[in-house]
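**Student:** What follows is a single structure, and I will ask about it in a moment.
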Amino acid sequence: MHRMVATNARVLAQMRKGIVEFCVLAHLRHGEAYGREIAGTLANDPAVLTSEGTLYPLLARLRKQGWVETSWTPSDSGPPRRYYALTEDGAAALEAFTAAWGPFHSAVTAILEDDG
Amino acid sequence: MSARPAATRLVEAYLHDLDRALPHLEVDERRDVVDSVREHIDAALAERADRPTAVDVERVLQELGPVEAIAHDADPGSTAVPDRDPRGAPDRGSWPMAASYLLAALIIGMAVTASLVTVRVPAFFRDEGGDPVAVAQLTWTFLVFTIAAFVVKRKLPK
């Protein structure tokens, strides 16, 4: 039998799967943003992004799924920036996640806090 | 931005390692990840200095995190946690150390069998003849050591 110790890092790593990508979509609902901008915000809390670089596989996956699209914009302070924006499908996915998250969060909290 | 050579080498090595750490992604997605990380680095360095130094690069790479952490998050099927602190220096886990010793042992094995083959082969061509079976066995052993060393070297984490 394969034993696995449920460390804090392991639990967080499992929970991030399938959730952090919606945090990226949520960040983009206010308007398009470039990678470092999104990374800087989400990596402020290591519970969400362990490091800035871990954002980029998520963005690549979201783009492949058609939930975000990219465009290039010149920058005053360096090379042109690739901006990410929500697509219609991305906005719909975010809406679905937001609708599901509230009841899910409440249900899990109720179970965790149930002291019999 | 015109980075100093040492700084450029650090960036290229990091991106090379990242690319190698993403074999589970399709080619276009892999290129997308590496390109966007490169853009992140270029933009971060451009904001820091006109001619970024190796220290500037190290800071930016530290914020990006180790390539193993990025590769791990690129694999939606994986639930394991990379055995290193994503914000800290890479640790020397038991597998890399064991693999290094194994590689060293295999290379020594290659050297020993190669020298034995060298001793045996000339005798084989003299009039009194050598032992072709022993030569074949040694050559075979050398080949096995070589292939094993090659495999271990490829599996050895950077």
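**Student:** I'd like the mean, over residues of B:60-69, of how many other protein chain beta carbons sit within 10 Å of each residue's own Cβ.
**Tutor:** 4
**Student:** So, one more: What does the charge count around A:Gly40 come to, taking other residues whose C-beta lies under 12 Å from its C-beta (Lys +1, Arg +1, Asp -1, Glu -1)?
**Tutor:** Result for the local shell: -4.
**Student:** Other chains' Cβ within 10 Å of A:43-55 residues: what's the mean?
**Tutor:** Taking the mean over all residues of the peptide, I get 6.
**Student:** Over all residues in B:40-47, what is the mean tally of Cβ atoms on other chains that come within 10 Å of each residue's Cβ?
**Tutor:** Counting other chains' Cβ atoms within 10 Å and averaging over B:40-47 gives 5.
**Student:** Another one. Please arrange B:Phe150, A:Phe97 by how many other C-beta atoms lie within 10 Å of their C-beta, fewest to most.
**Tutor:** Listing B:Phe150, A:Phe97 from fewest to most nearby Cβ atoms yields B:Phe150, A:Phe97.
**Student:** Still on this structure, please answer the following. Ranking A:Tyr83, A:Tyr56, B:Tyr14, B:Tyr101 by Cβ neighbours within 10 Å, fewest first, what do you get?
**Tutor:** Placing the least packed residue first, the sequence is B:Tyr101, A:Tyr83, B:Tyr14, A:Tyr56.
**Student:** A further question follows. When a footprinting reagent is the concern and you count Cβ atoms within 10 Å, what order do B:Met110, A:Met15 take, fewest first?
**Tutor:** A:Met15, B:Met110
**Student:** Same structure, new question: Distance between the C-alpha centers of region A:58-99 and region A:1-44? Whole Å please.
**Tutor:** A separation of 15 Å, based on Cα centres.
Computed from the coordinates by the stated procedures, all read-outs in this text should not be read as laboratory data. Remember, predicted model here, so these are calculated numbers, not experimental data. Reconstructed Cβ throughout: ideal geometry from the backbone, glycine too, with neighbour counts over all protein chains shown.
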